[in-house]
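Asker: One structure coming up, written as structure tokens, with questions to follow.
The values are calculated or read from the model by the stated rules, or taken from the named source; none is laboratory data. The shown structure was predicted, so the numbers you read here are calculated from the model rather than taken from an experiment. No Cβ is skipped: glycine too gets one built from the backbone with ideal geometry, and neighbour counts run over all protein chains shown.
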Amino acid sequence: MSESVDTGSPPGQKESGLRYKERFPLLALIVERLLLSAALLLAVSVLIFGGVEALPGDFAETYLGQSATPQAVANIRSDLGLDRPVVTRYFEWLGNAVQGDFGTSWASRNSVSEQIGKRLGNSLFLAFCAAIISVPLAVGLGMLAVHFRNRIPDKIINVVSLAAISLPEFFIGYLLILFFAVKFGVATFPATVYDSMTFVERLKAVALPVATLVLVVLAHMMRMTRAAILSVMSSAYMETAELKGLGAFRSIVRHAAPNALAPIINVVALNLAYLVVGVVVVEVVFVYPGMGQYMVDAVTVRDMPVVQACGLIFAAVYILLNMLADILAIIANPRLRHPR
Amino acid sequence: MSNYTKYLASHVTSGGMSRREFMGRAMAAGLTLTAASQLFTESAEAQEPKRGGHLKLGLEGGAATDSKDPAKFLSQFMFVVGRCWGDMLVESDPLTGKPVPALAESWEPSADAATWTFNIRKGVQFHDGKELTIDDVVATLKRHTDEKSESGALGVMKSIKEIKADGGKLVLTLSEGNADMPLLLSDYHLVIQPNGGVDDPGASIGTGPYKMASFEPGVRATFEKNPDDWRSDRGYVDSIEIIGMNDATARIAALSSGQVHYINRVGPKTVDLLKRAPNVEIFNTSGRGHYVFIMHCNTAPFDNNDLRLALKYAMDRETMVQRILGGYGKVGNDFPINETYALFPEGIEQRSYDPDKAAFHYKKSGHDDSVLLRTSEVAFPGAVDAAVLYQESCKKAGINIEVKREPGDGYWSNVWNAQPFCTSYWGGRPTQDQMYSTAYLSTADWNDTRFKRPDFDKLLYEARSELDEAKRKDMYREMAMMVRDEGGLILPMFNDFVNAASKNVKGYVHDIGNDMSNGYVATRVWLES
């Protein structure tokens, strides 16, 4: 992640550029990253377009399925302009997308932006709830595990969180549904959310999917926290802290944790991205109307405008979160700002 | 009355048994036809419909891509949604499958069945307060017959040459006689909309028992009772909520935890587990959908009728129904019609698994190579297993089947209706004529068995315009025999529609027309407290 920060250049390079970069290393990094992101997004859109084109059967055929008549297929194709060359269609789409117009869904003829607005909001809400619980919990448990390393609490934390990550997420979902919705009847199921819901109702509805997601992402972040802090703990300055009489927990919080931040931030960012873009299965199991479900529906009928928009948003979320992780890592570790 | 018939009667009272089912069992128990019929009526009347309550359905089939335009209804989800807010001109009788009046009060054919006159019901209001007029009806039918239309009903509307209003009556002129015309108008796409829905096809304004309150494609649709409904024998609950649930386990969990009252598509593997839940009742209804193995009659080696017969006799139908459908289905007889169709030809001998006959015809055909069968899980649920089962039952007759698994993507465009032998699925059609015209007429696009017989075509056209029912039934028998004995269709099973509801859902009608009480489930049931 931090390689690109390394702006070290051979002597003799243009002085002004170098000085600019040296003076505002963060700003330069952000600008550089944004430009790269734009290029990356463009590449993603080409890939998605090509990928969907390469699938057997076009929209008209797959949408109508077995009930396709040549007449109906031809009607849909001419209606949507699918009879024109691929390149023309791609650039037309691109031209509109650059202006912020993602077009209308081929299947439902609804505005894609409007639909995505709703769905993305739902997905982000779910991810946010899961993150706000799982991140502090994971970091806290990681520190606790370090404090009690190789003793009973550490082992319990490890076994439980590893067990949770080893089970497939849909299975965890089903277990939670079985016990909390069917047997005890305390949780709301299905987790379908809609506009007229109050905030409290909404929170209740997402309780089970959030619990599932927390269990799924917890172990990864917790283990990383534990490992990062442990590696710092074995360094000389930690020995000094211990020798000068600092309490164990205090030395972890004050000295070890800040130095272990960079890798933790990275793994947290990766998991946050997963929470937004990787929850298709959880959305299906809990009947939650999020982005993942929307994109899967669209891919099955080759609804290109929707697939493109979803793909770009997912890619953007990944890129942004990774960039954020890098920036935070640099802020947390000044050494990265002044590369040698 | 014996305890058994009492038990049956109580089953009717609770809404769990159809008339057909009841009569069959009661008569088997020794009751006369009249006694059984009377008993059924009494038991059914004992169910006093209750009004009120909020009905929740969890349905498979919804997608974010669903369109609100009735012309483009495709999914099971939209099928039920459309039935809630809209009406067709004609409905089909749940027990006999014959046409019954809806927005059309009555109708009259000309002697050659090529011109039909429909009287449109008066005093019916759309949800927006406007009165239903003949112009709305004409505009609706015109929108669905337009060449450029993407309507799912385009196929059934093709034969209509002219649609016009004549002194407040609807007159349809067909390009040829068709005795089934009224029934074709019961197609669920043909919802009558104000001005035909030309201005706003997705407005969801109709004459149905419920007004749409909210709609999110593939997620949720809600309805409020239409207080001005023109019919009193439907629309018992106050409000309806339909939730899209594409995960089978989610549907079962939602039903058994009491979050929804009714779910569709219960899988054959889970139905027995669900049956054990204390508050759940399984509704299985015979359907017209059939799982098929299809051979091209004009492609070697299948152009040899002895080989086709050998492959038909080598099909172990009973095992298929048990293993692939979990017992929730009926064996097929190699023609695409079962007793759920009006004018079903009874008494045709059931073809059964007979390795000796299969071996005899196989030998006679002179073919001794292996036979390539293409299959994929998208053909029907369990299609790959079914192909392997078939391979086993063929082995006993000395026929070697080679099973080739094809990718699901593109199966319908590259394998089905293209390769000479594959597994497939057919949903039913509203009439026998439609079924045969769609897939067995020489010129049909979807003649997926390449069954090209001028004598069959001639019979089909004759039957179509024949208004005498007895004569027509005989013609359908003859056609069934042709397909059964000489066609390229191996039809091992018709699948039942398996749905489930909580026990307080009453008045469920087992409609032979289609799944989920022909889509009318939400407007026909009521909730017992």
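Asker: Looking only at region B:161-206, which residues are farther than 30 Å from residue A:110 by Cβ, polar (S, T, N, Q) and buried (at least 17 other Cβ atoms within 10 Å of the Cβ)?
Answerer: The answer is B:178, and nothing else.
Asker: Taking residue A:166, is it within 14 Å of chain B (Cβ to nearest Cβ) and hydroxyl-bearing (Ser, Thr, Tyr)?
Answerer: Working: within 14 Å of chain B (Cβ to nearest Cβ): no; hydroxyl-bearing (Ser, Thr, Tyr): yes.
No; evaluated as a whole, the condition is false for this residue.
Asker: Further question: Within region A:300-321, is even one residue among the acidic types (Asp, Glu), more than 22 Å from residue A:110 (Cβ to Cβ) and either in a helix (DSSP H, G or I) or at the interface with chain B (Cβ under 10 Å from one of its Cβ atoms) (or both)? Outline the logic, then answer.
Answerer: Looking only at region A:300-321, we keep the residues that are among the acidic types (Asp, Glu), and these are A:303.
This time we only want the ones that are more than 22 Å from residue A:110 (Cβ to Cβ), so: none.
Scanning region A:300-321 turns up no residue that is among the acidic types (Asp, Glu), more than 22 Å from residue A:110 (Cβ to Cβ) and either in a helix (DSSP H, G or I) or at the interface with chain B (Cβ under 10 Å from one of its Cβ atoms) (or both).
Asker: Let me ask another. Tell me, yes or no, whether region A:81-97 has at least one residue that is more than 30 Å from residue A:229 (Cα to Cα) and touching a strand residue (DSSP E or B) at 6+ places or on another chain (Cβ under 7 Å).
Answerer: Restricting attention to region A:81-97, the residues satisfying the condition of being more than 30 Å from residue A:229 (Cα to Cα) are A:81-97.
With touching a strand residue (DSSP E or B) at 6+ places or on another chain (Cβ under 7 Å) added as a condition, the list becomes none.
There is no residue in region A:81-97 that is more than 30 Å from residue A:229 (Cα to Cα) and touching a strand residue (DSSP E or B) at 6+ places or on another chain (Cβ under 7 Å).
Asker: Tell me, which strands (runs of 3 or more DSSP E) lie completely within region B:208-321 with 1 or more residues that are without any contact (Cβ under 8 Å) to a residue 60 or more places away in the chain? Reasoning before the result, please.
Answerer: Values: elements: B:210-216, B:220-225, B:239-244, B:280-285, B:290-295.
Of the strands (runs of 3 or more DSSP E) lying wholly inside region B:208-321, those with at least 1 residues that are without any contact (Cβ under 8 Å) to a residue 60 or more places away in the chain span B:210-216, B:220-225.
Asker: If you don't mind, there's one more thing I want to ask. Can you tell me which of (1) touching a Phe, Trp or Tyr at 6+ places or on another chain (Cβ under 6 Å); (2) under 23 Å from residue A:114 (Cα atoms) is the one residue A:306 doesn't meet?
Answerer: Among (1) touching a Phe, Trp or Tyr at 6+ places or on another chain (Cβ under 6 Å); (2) under 23 Å from residue A:114 (Cα atoms), the lone unmet condition for residue A:306 is (1).
Asker: Taking region B:380-428 as the region of interest, how many residues are buried (at least 18 other Cβ atoms within 10 Å of the Cβ), out of contact with any Ser or Thr (no Cβ under 6 Å at 6 or more places or on another chain) and within 13 Å of chain A (Cβ to nearest Cβ)?
Answerer: 9
Asker: Being modelled with pLDDT under 95 and buried (at least 20 other Cβ atoms within 10 Å of the Cβ) is the filter here, so list the residues in region B:341-357 that pass it.
Answerer: B:341, B:342, B:343
Asker: Across region A:253-298, what is the total count of residues that are surrounded by 20 or more Cβ atoms within 10 Å (Cβ to Cβ), in a helix (DSSP H, G or I) and within 14 Å of chain B (Cβ to nearest Cβ)?
Answerer: Summing the residues that are surrounded by 20 or more Cβ atoms within 10 Å (Cβ to Cβ), in a helix (DSSP H, G or I) and within 14 Å of chain B (Cβ to nearest Cβ) in region A:253-298 gives 11.
Asker: On to the next question. State whether one or more residues within region B:472-489 are at pLDDT 95 or above, buried (at least 18 other Cβ atoms within 10 Å of the Cβ), assigned to a strand (DSSP E or B) and under 21 Å from the mean Cα position of the chain (by Cα).
Answerer: The answer is yes, given that some residue of region B:472-489 is at pLDDT 95 or above, buried (at least 18 other Cβ atoms within 10 Å of the Cβ), assigned to a strand (DSSP E or B) and under 21 Å from the mean Cα position of the chain (by Cα).
Asker: Separate question: Taking the options B:91, B:60, B:105, name whichever one is under 18 Å from the mean Cα position of the chain (by Cα), closer than 23 Å to residue B:187 by Cα and away from chain A (no Cβ under 14 Å). Before you say what the answer is, go through the steps one by one.
Answerer: Numbers: B:60 fails: away from chain A (no Cβ under 14 Å); B:105 fails: under 18 Å from the mean Cα position of the chain (by Cα).
Criteria check complete, one pass: B:91.
Asker: Further, regarding this structure: Look through A:332, A:273, A:228 and report the one residue that is touching a Leu at 6+ places or on another chain (Cβ under 6 Å), more than 27 Å from residue A:191 (Cα to Cα) and either modelled with pLDDT under 85 or assigned by the TED database to the domain that holds residue A:137 (or both). Spell out how you get there, then give the answer.
Answerer: Working: A:273 fails: more than 27 Å from residue A:191 (Cα to Cα); A:228 fails: touching a Leu at 6+ places or on another chain (Cβ under 6 Å).
Selected residue: A:332, the only one of A:332, A:273, A:228 that is touching a Leu at 6+ places or on another chain (Cβ under 6 Å), more than 27 Å from residue A:191 (Cα to Cα) and either modelled with pLDDT under 85 or assigned by the TED database to the domain that holds residue A:137 (or both).
Asker: If residue B:148 satisfies every condition in (1) in contact (Cβ under 8 Å) with a residue 24 or more places away in the chain; (2) in a loop (DSSP other than H, G, I, E, B); (3) surrounded by fewer than 16 Cβ atoms within 10 Å (Cβ to Cβ) but one, which is the exception?
Answerer: Condition (1) is where residue B:148 drops out.
Asker: If residue A:325 passes every condition in (1) over 26 Å from residue A:27 (Cα atoms); (2) more than 14 Å from chain B (Cβ to nearest Cβ) but one, which one does it miss?
Answerer: (1)
Asker: With respect to residue B:263, determine if the residue is within 19 Å of residue B:526 (Cα to Cα) and within 12 Å of chain A (Cβ to nearest Cβ).
Answerer: yes
Asker: Using beta carbons and a limit of 7 Å, which pairs, at least six apart or on different chains, have the first residue in region A:67-87 and within 11 Å of another protein chain (Cβ to nearest Cβ) and on the phi < 0 side of the Ramachandran plot and the second one outside any helix (DSSP H, G or I) and at pLDDT below 80?
Answerer: A:72/B:150; A:75/B:148; A:75/B:150; A:76/B:150
Asker: I would also like to ask the following. From the set of residues in region A:216-252 that are in a helix (DSSP H, G or I), of a type in the set (Gly, Ala, Ser) and within 33 Å of the chain's Cα centre (by Cα), which is surrounded by the most Cβ atoms within 10 Å (Cβ to Cβ)? Break it down stepwise before answering.
Answerer: Quick first cut of region A:216-252, residues in a helix (DSSP H, G or I) only: A:216-233, A:236-243, A:248-252.
Imposing the further condition that a residue be of a type in the set (Gly, Ala, Ser) reduces the set to A:219, A:227-228, A:231, A:236, A:241, A:248, A:251.
Those still in the list that are within 33 Å of the chain's Cα centre (by Cα) too: A:219, A:227-228, A:231, A:251.
Numbers: A:219: 20, A:227: 17, A:228: 23, A:231: 13, A:251: 20.
Within region A:216-252, the match that is surrounded by the most Cβ atoms within 10 Å (Cβ to Cβ) is A:228.
Asker: Here's something else I'd like to know. Among the residues of region A:186-199, what is the count of those that are exposed (fewer than 13 other Cβ atoms within 10 Å of the Cβ) and either modelled with pLDDT of 90 or more or not in a helix (DSSP H, G or I) (or both)?
Answerer: Filtering region A:186-199 for residues exposed (fewer than 13 other Cβ atoms within 10 Å of the Cβ) gives A:186, A:195-196, A:198-199.
Narrowing further to those that are either modelled with pLDDT of 90 or more or not in a helix (DSSP H, G or I) (or both): A:186, A:195-196, A:198.
Number satisfying all stated conditions: 4.
Asker: Can I ask one more? Of everything in region B:429-453, what is free of Cβ contacts under 8 Å to residues at least 60 places away in the same chain and buried (at least 23 other Cβ atoms within 10 Å of the Cβ)? Give them in sequence order. Break it down stepwise before answering.
Answerer: Kept after step one, since they are free of Cβ contacts under 8 Å to residues at least 60 places away in the same chain, are these residues of region B:429-453: B:437, B:441-447, B:453.
Across region B:429-453, the qualifying residue is only B:437.
Asker: Related question: Filtering region A:169-185 down to residues that are facing chain B (nearest Cβ under 8 Å) and aliphatic (A, V, I, L, M), which residue is surrounded by the most Cβ atoms within 10 Å (Cβ to Cβ)?
Answerer: Of region A:169-185, the ones facing chain B (nearest Cβ under 8 Å) are A:174, A:177-178, A:181-182, A:185.
If we keep only those that are aliphatic (A, V, I, L, M) as well, we get A:177-178, A:181-182.
Working: A:177: 27, A:178: 15, A:181: 24, A:182: 20.
Result: A:177.
Asker: Only one of B:224, B:162 is in the same structural domain as residue B:63 (by TED's automatic domain parsing) and not polar (S, T, N, Q); which? So that I can check it myself, show each step before the final result.
Answerer: Numbers: B:162 fails: in the same structural domain as residue B:63 (by TED's automatic domain parsing).
Step by step, each of B:224, B:162 is checked, and only B:224 is in the same structural domain as residue B:63 (by TED's automatic domain parsing) and not polar (S, T, N, Q).
Asker: Sticking with this structure for a sec: Just the residues that are part of a strand (DSSP E or B), polar (S, T, N, Q) and either out of contact with any helix residue (DSSP H, G or I) (no Cβ under 7 Å at 6 or more places or on another chain) or free of Cβ contacts under 8 Å to residues at least 60 places away in the same chain (or both), please, taken from region B:71-122.
Answerer: B:106, B:115, B:117, B:119
Asker: Of the numbered conditions (1) under 23 Å from residue B:61 (Cβ atoms); (2) touching an Asp or Glu at 6+ places or on another chain (Cβ under 8 Å), residue B:504 satisfies every one except a single condition; which is it?
Answerer: Every listed condition holds for residue B:504 apart from (1).
Asker: Report the residue count in region B:246-259 for those that are modelled with pLDDT of 90 or more and farther than 12 Å from residue A:181 by Cβ.
Answerer: Number satisfying all stated conditions: 1.
Asker: Can you find a residue in region A:147-155 that is in contact with an Asp or Glu (Cβ under 9 Å, 6 or more places away or on another chain), in a helix (DSSP H, G or I) and at pLDDT 90 or above?
Answerer: no
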